[in-house]
Amino acid sequence: MERFVIKGGRRLEGEVSISGAKNAVVAIIPAVILADGPCVLENIPQISDVAISLRILYEMGADVKQLGKGVYRIDATTITDPIVPYELAKLMRASYYFLGTLLGKFKRARVSMPGGCYLGDRPIDQHLKAFSSLGAACTLENGMIDIYADSLIGSQIYFDKITVGATINAILAAVKATGLTVIENAAKEPHIVDLANFLNSMGADIMGAGTDVIKIRGVRHLKGTEYAVIPDQIEAGTYMVAAAATRGNVLVKNVIPKHLESITARLSKIGVNVEEFDDSVRISVDGPLVKTSVKTMPHPGFPTDMQPQISALLCLAEGTSIVTEEIFNNRFRYVDQLRRMGADISVEGRVAVIEGVGKLMGAPVTAPDLRAGAALVIAGLAASGITEIDDIYHIERGYENIESKLRALGADIVKKSVPGNSVRKVAL
Ligand code: EPU
């Protein structure tokens, strides 16, 4: 078992470079299966969700080669059996993208129900609705999802709620279907646009990604391609908040500032200076941090994946802040951990009321999930004394080299192996 040990109270200063976007990569890696030739992917972050995705392809028979840092050549044309090994699929949420991509390629797929962070109910009814609109039949037995279609026919898909995962799966399944598919009430996240750009570079015909209506004209063949993944909006936001929480001065490099607008707007309200450049943002603080309200919304609203981190920052602000979680019904599990560090937060359903306490104190805490873990790192960096964070495997799912990136900014953070009989009790 490994743990982060953070000696808090140091201002973060310097530059940090943001890695490729986790939630784009976990869709793009399975999408390689749709290509009739090898693909070269660049800007792939070294995180455990990527390792699992690549392992799934390898176990299914693909040829996976690392060509350099963050660069992989994947030839998935050797895959013949559209079954994802259970032991790997259960480890992460994004394994459900193999359903869409295998259905699109082979017209059948067998994948176990996905794992992933526990954030409340995470049904997949909208994914299955999309598949059945395209003509597929789905069954669920013994935790395995089986999908089969004689042929996939383009159709009209209207999502009952905005969902990133089902929008991506609908695109993956429709890209080689016969005729036109129109997805309405689609999610608009940057990683959906990135997946569409990747597929279009393979010869797909996808229009409207980034709006709530996506039109896909099915094509027969998709060729291999070379593609560089966009930078991670949430990793960037996390470093922006960490810089603010330590009253530091940090240039966050290799970002697309447009993707950060909702985060920048909230930080500005809190009293943080955010200067935007072409592909970087500078964060600094010279006055007091003040209360604000935050409501998570689908893109372009404030991302739910930044909710725990901004809540950690608001503990340090003057006044009472209100944070409302609109996407998931149980994403405040980190609050107990922040309370151990002196935070004053009460939660009622989907609303957290945060009384600013100005200072946090180091404490032993446990990361309950990925972004909650990031929030605890931020709290530990800002707190006085020592914070020890357990279950950091959650954090390593989504943050490449977080401790070395933070150390380069002046943080006192180390990763320690600790004896114990703890096993990975929660699926990655
Ligand atoms: N939903 C349904 N039915 C469905 C699908 C979703 O009711 O069939 C509901 C969910 O329960 C939730 C809402 O719709 O209330 C939104 O869920 P969405 O499908 O958008 O989320 P997801 O695909 O499960 C992805 C990211 C999450 C991120 C959310 C929202 C991946 C692998 N995961 O999850 O990322 O929070 O979109 O942006 O891309 C993270 O990176 O820490 C993370 C949890």
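Observations on the model:
- Relative contact order %, the stretch 22-228, counting alpha carbon pairs below 8 Å whose residues are six or more apart: 21 percent
- Of the peptides 171-179, 320-328, the ranking by mean beta-carbon count within 10 Å, highest at the top, reads 171-179, 320-328.
- Principal-axis tilt of helix 22-31 within the chain, Cα atoms, nearest 10 degrees: 10 degrees
- Dipole size of the chain about its Cα centre, with +1 on Lys/Arg Cβ and -1 on Asp/Glu Cβ: approximately 280 debye, rounded to the nearest 20.
- Pairs from the table (K223/K253; K105/K223; K22/K188; K22/K416; K295/K359; K161/K215) lying more than 21 angstrom apart at Cα are K223/K253; K22/K416; K295/K359.
- Helical runs assigned H by DSSP (4 residues or longer) give the chain a calculated mean residue ellipticity at 222 nm of -8500 deg cm²/dmol, each run adding -39500 (n - 2.57) before division by the residue total.
- Within the chain, DSSP assigns beta bridges of which about 70% are antiparallel (rounded to the nearest 5).
- Shown for V274, V229: other C-beta atoms within 10 Å of each C-beta, ranked fewest to most, produce the order V274, V229.
- Remark: the chain is approximated by an ellipsoid whose semi-axes, taken from the C-alpha gyration tensor as √(5λ), come to 37, 22, 21 Å, largest first.
- Mean separation of Cα pairs under 8 Å and 6 or more residues apart, divided by the residue count, gives the chain a relative contact order of 21 percent.
- The stretch 294-329 and the stretch 189-210 have their alpha-carbon centroids 28 Å apart.
- Other-chain or far-sequence residues with amide H under 5 Å of T320's (modelled H): G356
- 5 Å-binned pair-distance histogram of the stretch 22-228 (Cα, whole percent): 1, 8, 18, 22, 23, 17, 9, 2, 0
Read the figures in this text as sums done on the coordinates, not as results from a lab. The model shown is predicted, which means the values in this text are computed figures rather than measured ones. Positions of Cβ are generated from backbone atoms using ideal geometry, with glycine treated the same way; all protein chains shown enter the neighbour counts.
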